[in-house]
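To keep things clear, I will list the structure first and then write my remarks on it.
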Amino acid sequence: MWLSRRPAAPAGPVGTAGHRPPAPPREVMRIHDAAFASRPLNPMQELAYRGAEGVIFAPHGEGWRRLRGICATELLSARRVRSFRPVREDEAGCLLRAVAAAAAAGAPVNLGERVAAYIADATVRAIIGSRFERRDAYLRMLQEGLKIVPGMTLPDLFPSSRLARLVSRAPAQIERHRRGMQQFIDAIIAEHRESRASGKDSDDDEDLLDVLLRLQKEVDSQYPLTTENIKTVMLDMFGAGSETSATTLQWAMAELMRNPRVMRRAQDDVRRALADHGKVTEDKLANLHYLPLVIKETLRLHPPAPLLLPRRCGSPCQVLGFDVPKGTMVIVNAWAIGRDPAHWDEPEEFVPERFEASGRDFRGTDFEFIPFGAGRRMCPGIAFGLAHIELALAALLFHFDWELPGGMAAEELDMTESFGVTTQLQSDLVVVAVPRVPMCIE
Ligand code: HEM
């Protein structure tokens, strides 16, 4: 069932109150939110998860509610996100040094690759800390998993066909990957338990796995936090948090390269706010006015999960007068909604100013702008994701000016989107960095 549409409401000035919110997402994610609060699992996801309950694919119920509560109050709370500030600033420093090295050599830099590495490193350090010796190998394996699990494999397309399962290489690939992951995660958990038992670590330097292991000890006889839960939640955090944030960062830089006027304004914003400082630190980001608008506009035009995550109808209901039977898969097209001319003036243009007066936000109440979804299954990782995106974007704009390689004109930049669960730039963004504000290395 495809629930995106273009309502016939007349377009008014951008950001004014006269806009009618798109009815289908409101119906699915607010009015019938409880009925659509589960997710369908495709055959390959079932194989990968093997019933081990995490957050993302858990059926709506008490188990999911408990884990979701842990996300809200413990793993992804504002306080926890703040606690990872040193990790983010450290990894942002690595990103800047890599860019500066390319600039010093007079070479273009593959910014797509660099920002993906920054987000992945910072995310995995938040989840398992910095001690685990084989962290790089673990990270590579996580990234491989992102490529194979959600893919449109033959058994996903023909779920009832035994032949599709027999001829596809995907099940064996997933099984091999699953076993490899288990070994890694078992080793990481053992190392964390040992380290805690030795009393070397304090609660102040807890990573997300430490938090989960601590909560496991707080016995809840009805819904105990099993080690299987913990393993799946660790994968959920990386799976949901890394590619989405990296994709947003890359699209933001690509749009800035395509729109020199916006780039100038964003750089002025960052450089004015940080004029008296040699480096970008998170405590200074609150003074930025324009950069948050750039991020919003990026998420409007390029929601990293363009079709959000699918929902499954758990009890029959009526949507816009149509009967929706139990078991129906519902897909909400956030990409089309964000470009709907009924709600946005010049929807294809990158104009961050449209958010200046409108107050429209992505927190799940403005249904014409839902890059993080809405309702009870809405993304709980907004603060975590934005913290990474804002810091890196501000730092890249503060320290460098940017040009396209080989004298390419802004309008020639290839903005083709790739097809997948996340919508990425088909070709990585390759740009030339020109150092502007020297970095102070401590
Ligand atoms: C730009 C960054 C991000 C975007 C655009 C994004 C987007 C989304 C979307 C569209 C959903 C589905 C919402 C729905 O069904 O209504 C979702 C769910 C989820 N996201 Fe994010 N996300 C981002 C970052 C993160 C981060 C950094 C984390 C954690 C570290 C995270 C954790 C989750 C989880 C656990 C869910 C599943 C929630 C549930 O099913 O109850 N996300 N996200």
- What single numbered condition from (1) part of a helix (DSSP H, G or I); (2) more than 29 Å from Ser38 (Cα to Cα); (3) open to solvent by 20 Å² or more (accessible area, probe 1.4 Å); (4) away from the ligand (no atom under 16 Å from the Cβ) fails to hold for Leu256? (3)
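Which of the following residues is surrounded by 21 or more Cβ atoms within 10 Å (Cβ to Cβ) and of a type in the set (Gly, Ala, Ser): Ser242, Ser198? Please lay out each step first, then the result.
Numbers: Ser198 fails: surrounded by 21 or more Cβ atoms within 10 Å (Cβ to Cβ).
Going through Ser242, Ser198 in turn, the sole match is Ser242.
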- Query: Just checking, how many residues over region 408-431 are open to solvent by 70 Å² or more (accessible area, probe 1.4 Å) and among the aliphatic types (A, V, I, L, M)?
  - Reply: 2
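Looking at this structure, is Val270 away from the ligand (no atom under 11 Å from the Cβ) and crowded, with 23+ Cβ neighbours inside 10 Å? Steps first, answer last, please.
Values: away from the ligand (no atom under 11 Å from the Cβ): yes; crowded, with 23+ Cβ neighbours inside 10 Å: yes.
Judged against the criteria, Val270 is a match.
Within region 273-287, restricting attention to residues that are in contact with a Lys or Arg (Cβ under 9 Å, 6 or more places away or on another chain) and in contact (Cβ under 8 Å) with a residue 24 or more places away in the chain, which residue is surrounded by the most Cβ atoms within 10 Å (Cβ to Cβ)?
Pass one, region 273-287, residues in contact with a Lys or Arg (Cβ under 9 Å, 6 or more places away or on another chain): 273-274, 277, 281-283, 287.
Then drop every residue that is not in contact (Cβ under 8 Å) with a residue 24 or more places away in the chain, which leaves 274, 281-282.
Numbers: Leu274: 21, Thr281: 15, Glu282: 17.
Among those that are in contact with a Lys or Arg (Cβ under 9 Å, 6 or more places away or on another chain) and in contact (Cβ under 8 Å) with a residue 24 or more places away in the chain, it is Leu274.
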- Message: Residue pairs, Cβ under 6 Å, 6 or more apart or interchain, first in region 420-440 and under 16 Å from Arg97 (Cβ atoms) and in contact (Cβ under 8 Å) with a residue 24 or more places away in the chain, second open to solvent by 60 Å² or more (accessible area, probe 1.4 Å) and basic (Lys, Arg). List them.
- Response: Cys440/Lys279
- Task: Could you tell me which residue of region 341-364 is nearest to Leu291 (Cα to Cα), considering only residues that are open to solvent by 20 Å² or more (accessible area, probe 1.4 Å) and hydrophobic (A, V, I, L, M, F, W, C)?
- Result: Val351
- Note on the structure: Checked region 180-236 for anything at pLDDT 95 or above and not in a helix (DSSP H, G or I); matches are Asp207
- Any pair with Cβ under 6 angstrom, 6 or more apart, that starts in region 398-417 at a residue that is of a type in the set (Val, Ile, Thr) and ends at one that is modelled with pLDDT under 95 and open to solvent by 30 Å² or more (accessible area, probe 1.4 Å): Thr416/Gln426
- Note on the structure: Ser245: passes all of (1) more than 9 Å from the ligand (Cβ to nearest atom); (2) assigned to a helix (DSSP H, G or I) but (1)
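Considering each of Val319, Val294 in turn, give the residue that is open to solvent by less than 10 Å² (accessible area, probe 1.4 Å), away from the ligand (no atom under 11 Å from the Cβ), touching a residue at least 12 places away in the same chain (Cβ under 8 Å) and within 30 Å of Pro438 (Cα to Cα).
On the way: Val319 fails: within 30 Å of Pro438 (Cα to Cα).
So the residue among Val319, Val294 that is open to solvent by less than 10 Å² (accessible area, probe 1.4 Å), away from the ligand (no atom under 11 Å from the Cβ), touching a residue at least 12 places away in the same chain (Cβ under 8 Å) and within 30 Å of Pro438 (Cα to Cα) is Val294.
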- Item | Residues satisfying the stated conditions in region 365-379, i.e. within 14 Å of the ligand (Cβ to nearest atom) and buried (at least 19 other Cβ atoms within 10 Å of the Cβ) | Phe367, Phe369, Ile370, Pro371, Phe372, Gly373, Ala374, Gly375, Arg377, Cys379
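The values are calculated or read from the model by the stated rules, or taken from the named source; none is laboratory data. All of these numbers come straight from a predicted model, not from anything done at the bench. Every residue, glycine as well, gets a Cβ built from its backbone with ideal geometry; the counts of neighbours run over all protein chains shown. For the accessible areas, the whole protein counts, side chains as well, though only heavy atoms, and no ligand, DNA or RNA atoms are used. Shrake-Rupley method; radii C 1.70, N 1.55, O 1.52, S 1.80 Å.
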